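All remarks here apply to the structure that follows.
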Amino acid sequence: MIESGGELGGQRLAPGQSFNFACRPGLACFNTCCRDKRLPLLPYDFLRLRRALELPAAQVLAQRVELEADPVSGWPALRIRLTDQGVCPFVTNEGCSVYPHRPTCCRVYPLARAVRPGGKGRKPQEIFLRQETPGCLGWEEPDELDVAAWVEQQGLAPYQKVNNYCLRLFMHPARQGKVSLNQQQTHAFISALYNLDAFQPLAASPGFGEKFGFDQDRLDLALADEEELLKLGVDWLAGVLLGK
Ligand code: SF4
Ligand code: SF4
């Protein structure tokens with residue numbers, strides 16, 4: 001998703017440009033978009049989903065997630081495992097059962113977001129595009145808003161923040177073309193970005209900071225806060241897979 005900018009279609013929305021849209025129960029299309037979709041799980045999406053499910057990371061990975069290689073970047077890419085009927089396992093008649101913790105793709109939809117690193121000291125560049133999927137009746141609703149209002153309404157800001165941090169790895173300047181990770185590297189990737197239950201003891205182990213160049217304050221922060229641990233995982237992986 002992060003790197004799908006080159007493949008995305010749809011009309012680009014300029015900052016401040018208004019559009020008419022609303023998604024709510026009562027629309028005839030309600031819940032129909034929670035099926036037959038690829039539902040990517042970025043590292044922060046997984047962290048939030050795991051919080052919603054209150055289950056160990058390894059269990060969520062085993063039961064709810066599929067792993068593939070991103071066709072563009074080659075990075076391991078996780079997505080929600082749909083039911084045999086092609087439906088998201090979290091949808092109910094009343095709507096999304098993990099709504100407060102739903103992933104980035106569900107918050108952004110029916111827009112699409114593409115982002116690129118902004119360079120040294122600059123914010124990442126992001127664009128939003130309209131995805132006018134057939135059958136989505138929300139586009140016929142009168143509510144007028146712009147991208148900033150949509151971001152606010154959908155609670156996207158914390159997701160954008162950590163997703164943007166992950167660009168340090170996913171779009172690392174030392175990466176040459178498509179990534180091809182071996183089994184051990186894939187295991188490290190999953191542990192550091194998704195299975196934080198497994199990464200935490202590694203980060204807490206004697207000599208970890210010295211070996212990988214993290215000072216004690218950074219480690220203390222990471223060991224006290226899961227989001228900081230995830231960011232440590234991003235920087236650790238960038239070092240071990242691509243060099244600092
Ligand atoms: S996570 Fe929730 S919003 Fe997203 S597809 Fe599943 S049920 Fe729908
Ligand atoms: S309005 Fe669009 S996004 Fe909302 S439930 Fe209907 S199809 Fe899904």
Restricting region 29-58 to residues that are over 26 Å from residue 165 (Cα atoms) and not aromatic (Phe, Trp, Tyr), the one nearest to ligand 1 (Cβ to nearest atom) turns out to be 34
Any chance residue 66 is more than 15 Å from residue 130 (Cα to Cα), at pLDDT 95 or above and away from ligand 2 (no atom under 14 Å from the Cβ) | yes
What residue, among those in region 70-106 that are in contact with a Phe, Trp or Tyr (Cβ under 7 Å, 6 or more places away or on another chain) and under 18 Å from residue 167 (Cβ atoms), is nearest to ligand 2 (Cβ to nearest atom)?
-> 104
Has region 31-53 got at least one residue that is in contact with a helix residue (DSSP H, G or I) (Cβ under 7 Å, 6 or more places away or on another chain) and over 22 Å from residue 155 (Cβ atoms)?
-> no
Pairs, first more than 12 Å from residue 103 (Cβ to Cβ) in region 31-45, second buried (at least 16 other Cβ atoms within 10 Å of the Cβ), C-beta under 6 Å, six or more apart | 31/91
Those residues of region 96-122 which are modelled with pLDDT under 95 and surrounded by fewer than 14 Cβ atoms within 10 Å (Cβ to Cβ) amount to 118, 119, 120, 121, 122
Taking region 13-28 as the search range and keeping residues that are surrounded by 14 or more Cβ atoms within 10 Å (Cβ to Cβ) and either within 16 Å of ligand 1 (Cβ to nearest atom) or not aliphatic (A, V, I, L, M) (or both), which one is farthest from the chain's Cα centre (by Cα)?
-> 27
Give the residue that is farthest from ligand 2 (Cβ to nearest atom), with candidates limited to residues of region 134-177 that are polar (S, T, N, Q) and exposed (fewer than 15 other Cβ atoms within 10 Å of the Cβ).
-> 176
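Table: residues versus (1) more than 19 Å from residue 118 (Cα to Cα); (2) at pLDDT below 95; (3) touching a helix residue (DSSP H, G or I) at 6+ places or on another chain (Cβ under 7 Å).
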residue: 150; (1), (2), (3): yes, no, no
residue: 155; (1), (2), (3): yes, no, yes
residue: 170; (1), (2), (3): no, yes, no
residue: 188; (1), (2), (3): yes, no, yes
residue: 195; (1), (2), (3): yes, no, yes
residue: 206; (1), (2), (3): yes, no, no
residue: 219; (1), (2), (3): yes, no, yes
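The values are calculated or read from the model by the stated rules, or taken from the named source; none is laboratory data. As the structure is a prediction and not an experimental result, all values here were calculated from the model. All Cβ positions, even for glycine, are placed from backbone atoms using ideal geometry, and neighbour counts span all protein chains on display.
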